[in-house]
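Encoded as structure tokens, the structure appears first; notes follow it.
Readers should treat all values here as calculations from the given coordinates under stated rules, not as data from a laboratory. Model, not experiment: these values are computed from the prediction. Heads up, the Cβs are rebuilt from the backbone with ideal geometry, glycines too, and the neighbour counts pull from every protein chain shown.
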Amino acid sequence: MTAEMAISVRGLTKRFGPRTVVDRFDMDVPRGAIYGFLGPNGSGKTTTIRMMCGLLTPDGGSGTCLGHDILTQSQQIKEQVGYMTQRFSLYEDLTIRENLDFIARMFRMKDRKARVDAALADLGLADRAGQLAGTLSGGWKQRLSLASCMLHDPQLLLLDEPTAGVDPKARRDFWDEIRRLAARGVTVLVSTHYMDEAVQCDFIAYIAYGKKLISGPARDIPGMIGLTTWQVEGPDIGALEAALRQTPGVEQVARFGAVLHVSGTDAAALARVAAEQSALGTHQWHEQKGGLEEAFIYLMAGASDNFSEGE
Ligand SMILES: Nc1ncnc2c1ncn2[C@@H]1O[C@H](COP(=O)(O)OP(=O)(O)OP(=O)(O)O)[C@@H](O)[C@H]1O
């Protein structure tokens, strides 16, 4: 492992009974990176993340997490991990401060009051410290959950669909916090199905059926897939959308308000469609740089097809 890598694993494999749910997984996660794990339900994201952090013993493979061996030093790793699950799991009839204090006691933390005060201040919860957790909005509950799993100052944060069911403003605020933590050197692993969480990640791994299909810096993913995208504007965009879905060379049509993003992996075929359509003079077609959103939609759609075949 190089000094910059928080996690470096090779060949991680996990079997449950006869099923191999994670198959020879390799990965390097730079320290301070936000790494997103995408893929359909049951594809092995959580199992992979848990093995990488020493929370689950692999049946094969090896690696290090935060400088510790994932096979033999899981206790040391666990002490450095904060795990934010999807469900709010704090006490609704305790105040924010009482919840944090309870966790600090449970883990027998030294300087308990100072730690709780620091966590409250750090996540902007100090003014609400006396409020019952049960009366908080979704966004504030989530902030409290984050504070509770950062209380022991972990170096690695695991987030499981962290902004599911939270309003857009609170989602943005939450991701600002996560970026701030990452800038401080905290490494963040995120398991998600949501596009707006995926686009927040520095790196992305796409997993289907226990196999990593693609991984790398988020900005490189569209190029790695080889997706070309055209932006289309004009009247009666719904009818055009339906027609394009039947057009050879067009593999994906995604609608963003009044604009279509038309994508495909055969750049020449798509350029011919664009030229033919532009010649009609009804809609404006502009080629655009492949974005992560199109890439994400493409990966998700491909995987659900595989899923039906595998069933
Ligand atoms: N303890 C276990 N015993 C048996 N099978 C398990 C166990 N844990 C997970 N599995 C199975 O392993 C597969 C991978 O599960 P995992 O939770 O890692 O997927 P996931 O990609 O995180 O899914 P989701 O997006 O639904 O959370 C699933 O088929 C699941 O049913």
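Under a 5 Å amide H to amide H cut-off, with H placed in plane at 1.01 Å, what residues pair with Arg24 once short-range neighbours are removed?
The answer is Thr13, Lys14.
Gain in length, Val259 to Asp236, computed as 0.36 nm per residue apart minus the alpha-carbon separation, to one decimal in nm? Don't skip to the end; give the middle numbers.
On the way: separation 23, 0.36 × 23 = 8.28 nm, distance 1.06 nm.
Contour length minus Cα-Cα distance gives 7.2 nm.
Take the Cα coordinates of region 30-185, assign each an equal point scatterer, and use the Debye formula without solvent to give log10 I(q)/I(0) at q = 0.14, 0.21 Å⁻¹.
Normalising to I(0) and taking log10 leaves -0.75, -1.45.
Could you list, bin by bin from short to long, the percent of Cα-Cα pairs of the chain in 20 Å steps?
The distribution over the chain is 29, 50, 20, 1, given as percents.
Please list the non-local residues whose amide H lies under 5 Å from the amide H of Thr95, H modeled 1.01 Å from N, same-chain partners needing a gap of 5 or more.
Ala133
So what are the ³J(HN,Hα) numbers for region 234-241, from phi and the Karplus equation (6.51, -1.76, 1.60; θ = phi - 60°), rounded to whole Hz, Gly and Pro as x?
With coefficients 6.51, -1.76 and 1.60, one gets x, x, 6, 5, x, 5, 5, 4 Hz.
What are the residues whose amide H is under 5 Å from the amide H of Met5, where those residues sit 5 or more places off or on another chain and H is modelled from the backbone?
Hits under the 5 Å cutoff: Arg31.
Just how far, in whole angstrom, is region 240-295 from region 145-207 if you go by their alpha carbon centroids?
32
Against the longest alpha carbon principal axis of the chain, how many degrees, from 0 to 90 and to the nearest 10, is the axis of helix 96-106 turned?
Here the helix axis deviates by roughly 60 degrees.
With a cut-off of 8 Å between alpha carbons and a minimum separation of six or more residues, what is the relative contact order of the chain in percent?
Reported relative contact order: 19 percent.
Calculate how steeply helix 112-122 sits against the longest principal axis of the alpha-carbon atoms of the chain, using the helix alpha-carbon long axis, and give the answer as 0 to 90 degrees to the nearest 10.
Taking Cα atoms only, the helix is inclined about 30 degrees.
What's the local net charge at Lys45, with K and R +1, D and E -1, over the other residues with C-beta under 11 Å away?
Result for the local shell: 0.
Need one number: nm distance between label points at Arg15 and Arg108, each 7 Å from Cα along Cα→Cβ, rounded to one decimal.
Reported label-point gap for Arg15 and Arg108 is 3.9 nm.
Using each residue's phi in region 129-146, evaluate 6.51 cos²θ - 1.76 cosθ + 1.60 at θ = phi - 60° and report the 3J(HN,Hα) Karplus result to the nearest Hz, with x for Gly and Pro.
Rounded to whole hertz, the list is 3, x, 7, 5, 4, x, 9, 7, 6, x, x, 6, 4, 5, 5, 5, 4, 5.
I need the phi-derived Karplus couplings for region 164-173: 6.51 cos²θ - 1.76 cosθ + 1.60, θ = phi - 60°, integer Hz, Gly and Pro marked x.
Each residue's phi maps through the Karplus curve to give 4, x, 10, 5, x, 5, 5, 4, 5, 4 Hz.
Using only the alpha-carbon atoms, what does region 181-273 span along each of its principal axes? Please give whole angstrom values in decreasing order.
For region 181-273, the Cα extents along the three principal axes come out at 48, 26, 22 Å.
Cα gyration tensor of region 108-192, axes a ≥ b ≥ c as square roots of the eigenvalues: rounded (a/c below 1.5), prolate (a/b > b/c) or oblate?
Numbers: a/c = 1.83, a/b = 1.10, b/c = 1.66.
Oblate is the answer for region 108-192, as a/c is 1.5 or above yet b/c matches or exceeds a/b.
Classify region 228-289 as rounded, prolate or oblate from the Cα gyration tensor: take a ≥ b ≥ c as the square roots of its eigenvalues, call it rounded if a/c is under 1.5, otherwise prolate when a/b beats b/c and oblate if not.
It comes out rounded by the Cα gyration axes.
Given springs between every Cα pair under 10 Å in a Gaussian network model of the chain, which of Ser62, Ser145, Ser89 has the largest fluctuation?
In this elastic network of the chain, the residue with the biggest mean-square fluctuation among Ser62, Ser145, Ser89 is Ser89.
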